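Encoded as structure tokens, the structure appears first; notes follow it.
The values are calculated or read from the model by the stated rules, or taken from the named source; none is laboratory data. Keep in mind that this is a model prediction, so the values were computed, not measured. So basically every Cβ, Gly included, is an ideal-geometry build from the backbone, and we count neighbours across all protein chains shown.
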Amino acid sequence: MSRYNSIFFLAASVMLAGLSTQEGVAQNSSVTLTSKPASFLTKSDRRAPTVVASDASALVDRLCARAVRDSKQKCPSSLKGGAGSKGPDEITAGLPHLRLNIILREMRNVVVSGAGVDSLGAFQEPWATFKIVSNTADVSIPAPADPPYGLPVPAPGDTWSDIPHANGLFQGIIENGCVGPAATFDLTLDSSIFRISTNENFGDVHLIDAVEGHGYYNFKYTIRATDEVGNESDFVFSGDADSFCTSQSSL
């Protein structure tokens, strides 16, 4: 990572842009949704490799610790069975339930015009919110009624990988989803970029996809963000989605 600014962590109760909440989520009626395809997952024969090494993990952990100390907020907890979960190649008899893990591996800030979307100083940084839900899951983290959570994003030109809490995007189970016809996770993703100090929304997406049965998928989407003075960045989020059979009916 070439550079970064001090960042305070956004509370897990931050809601998506356009929704009213006591935490004062970013709202700006002039924001236009990013031009995008309808989906954010593509089938893959194998998990995509991490292509960029960075110290983002240590950085985000330090920022989370600082947020707890300074603002009494905390980062989302790491979830069970994270990035090292068993894959669909280990399917055997006696594993009736279908589980899906969506794992964030990398975040990029690609400058489109001007200086790109960047920090204006301490506690004036751009952040991303994430919320993935499935109505067909019998149990999931997050649950459909849960608020999204936030993470800091890289500075213009930077790429972060090895991200802590990366398995917090989505974990879900369909009970008996590996018995009989293949079960399907219907998936909705809402994500936004905004400035933490002003709650001004710089861009967001609403994407719909589905995962049928077990297999490997690549996970990727982009948000085009435009700041207060017209600087533009493409924020690119990517990772893995692994759907596999399991004996466990709880997360």
Q. Within region 149-156, is there a residue that is in contact with a Lys or Arg (Cβ under 9 Å, 6 or more places away or on another chain), of a type in the set (Ser, Thr, Tyr) and in contact (Cβ under 8 Å) with a residue 60 or more places away in the chain?
A. yes
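Only one of ALA137, ALA122, ALA145 is more than 17 Å from the chain's Cα centre (by Cα), surrounded by fewer than 21 Cβ atoms within 10 Å (Cβ to Cβ) and not charged (D, E, K, R). Can you tell me which?
Unique residue meeting the criteria: ALA122.
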Q. Is region 228-242 home to any residue that is more than 12 Å from the chain's Cα centre (by Cα), modelled with pLDDT under 95 and farther than 17 Å from PHE130 by Cβ?
A. yes
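Within region 135-157, take every residue that is in a loop (DSSP other than H, G, I, E, B) and aliphatic (A, V, I, L, M) and give me the one that is nearest to LEU98 (Cα to Cα).
Initial filter on region 135-157 (in a loop (DSSP other than H, G, I, E, B)): 135-138, 142-148, 153-157.
So of that shortlist, the ones also aliphatic (A, V, I, L, M) come out as 137, 143, 145, 153, 155.
Details: ALA137: 9, ALA143: 17, ALA145: 22, VAL153: 32, ALA155: 38 Å.
If we take residues in region 135-157 being in a loop (DSSP other than H, G, I, E, B) and aliphatic (A, V, I, L, M), then ALA137 is nearest to LEU98 (Cα to Cα).
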Q. When region 177-225 is examined, which residues are found to be among the small types (Gly, Ala, Ser) and not in a strand (DSSP E or B)?
A. GLY177, GLY180, ALA182, ALA183, SER197, GLY213
(Q) Could you check region 200-226 and list, in sequence order, the residues that are touching a Gly at 6+ places or on another chain (Cβ under 7 Å) and under 14 Å from ALA128 (Cβ atoms)? (A) ILE223, ARG224, ALA225
Q.
If I ask for residues that are more than 14 Å from PRO144 (Cα to Cα) and in contact (Cβ under 8 Å) with a residue 24 or more places away in the chain, which ones from region 169-185 would you list?
A. ILE174, GLU175, ASN176, GLY177, CYS178, VAL179, ALA182, ALA183, THR184
**Q.** Residue under evaluation TRP160, criteria (1) part of a strand (DSSP E or B); (2) surrounded by fewer than 20 Cβ atoms within 10 Å (Cβ to Cβ), criterion not met
**A.** (2)
Q | Given (1) modelled with pLDDT of 95 or more; (2) crowded, with 18+ Cβ neighbours inside 10 Å; (3) of a type in the set (A, V, I, L, M); (4) within 30 Å of GLY230 (Cβ to Cβ), index of the condition ALA115 fails | A | (2)
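Provide a single number: the residues in region 226-241 that are surrounded by fewer than 22 Cβ atoms within 10 Å (Cβ to Cβ), charged (D, E, K, R) and assigned to a strand (DSSP E or B). Walk me through how you get there before you give the answer.
First, pick out the residues of region 226-241 that are surrounded by fewer than 22 Cβ atoms within 10 Å (Cβ to Cβ): 226-232, 234, 236, 238.
Checking which are charged (D, E, K, R) leaves us with 227-228, 232, 234.
Filter once more, so that each one left must be assigned to a strand (DSSP E or B): 232, 234.
Going through region 226-241 one residue at a time, the tally reaches 2.
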Q.
Taking the condition of being more than 25 Å from GLY213 (Cα to Cα) and at pLDDT 95 or above, how many residues in region 154-190 meet it?
A. 6
Q: Give the residues of region 124-146 that are farther than 29 Å from ASP227 by Cβ, modelled with pLDDT of 95 or more and of a type in the set (A, V, I, L, M), sorted by residue number.
A: ALA137, VAL139
